[in-house]
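Accompanying notes for the structure given below.
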Amino acid sequence: MDYTPMLFQQSTTHESSSPPQQQVSNVAFEYKGALVGPYSKVGGHHIHAKAGFKDNKKYNLNKAFCISQKFITKNRLNHQDMTNMQRQLFNQLAKDVRNGTRVNSLTEHTTVAKTALMNGGADVQMTQYLVGCSLKNLEEQGVTEPTNIPWNN
């Protein structure tokens with residue numbers, strides 16, 4: 001993936017649509033007025049659903065990229081709408097995997113992440129940025145594919 005080189009300090013606000021150049025697995029930083037970063041530091045909503053990777057020995061849900069509840073509130077996003085959309089799309093993915101028409105892949109999970117964020121009120125630029133950060137985080141952890149389909153394993 002191509003990421004625009006940028007340096008971040010924990011207290012800086014980032015408004016670019018490109019994910020940060022530095023690691024995102026262990027640094028919380030401000031974006032759109034509130035903290036985003038590893039679950040252990042910001043809590044909140046995992047961009048790529050944590051249950052999709054729970055059986056991957058390289059995956060650490062506490063290092064996974066998340067948006068804080070403050071971020072959700074400040075940016076007028078709806079966490080429940082995001083979660084409901086994740087569930088609906090993962091249920092359909094599981095059905096399609098069983099039917100042999102789709103595969104459980106990082107590409108599919110990324111589509112779910114994007115759609116869920118937008119369903120929760122995120123605009124295209126915010127969605128691209130947050131999903132980019134989450135993908136970078138998964139790459140840093142050495143995670144290349146999901147091991148499960150959330151709500152279906």
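The values are calculated or read from the model by the stated rules, or taken from the named source; none is laboratory data. What you see is a predicted model, and the numbers here were worked out from it, not measured in a lab. Because the Cβ atoms are built from the backbone with ideal geometry, glycine has one as well, and the counts that use them run over all protein chains shown. Ligands, DNA and RNA are stripped out before the accessible areas are found, and what is left, the full protein with its side chains, is counted by its heavy atoms. Shrake-Rupley method; radii C 1.70, N 1.55, O 1.52, S 1.80 Å.
Remarks
- Hits in the range 60-108 - residues which are open to solvent by 30 Å² or more (accessible area, probe 1.4 Å), part of a loop (DSSP other than H, G, I, E, B) and touching a residue at least 40 places away in the same chain (Cβ under 8 Å): Asn60, Lys63, Asn75, Arg76, Asn78, Asn104
- Scanning the range 120-139 for residues that are in contact (Cβ under 8 Å) with a residue 40 or more places away in the chain, open to solvent by 60 Å² or more (accessible area, probe 1.4 Å) and over 13 Å from the mean Cα position of the chain (by Cα) turns up just one, Gln125.
- Residues in the range 21-47 that are in a loop (DSSP other than H, G, I, E, B), open to solvent by 10 Å² or more (accessible area, probe 1.4 Å) and either closer than 15 Å to Thr127 by Cα or at pLDDT 90 or above (or both): Lys32, Gly43, Gly44.
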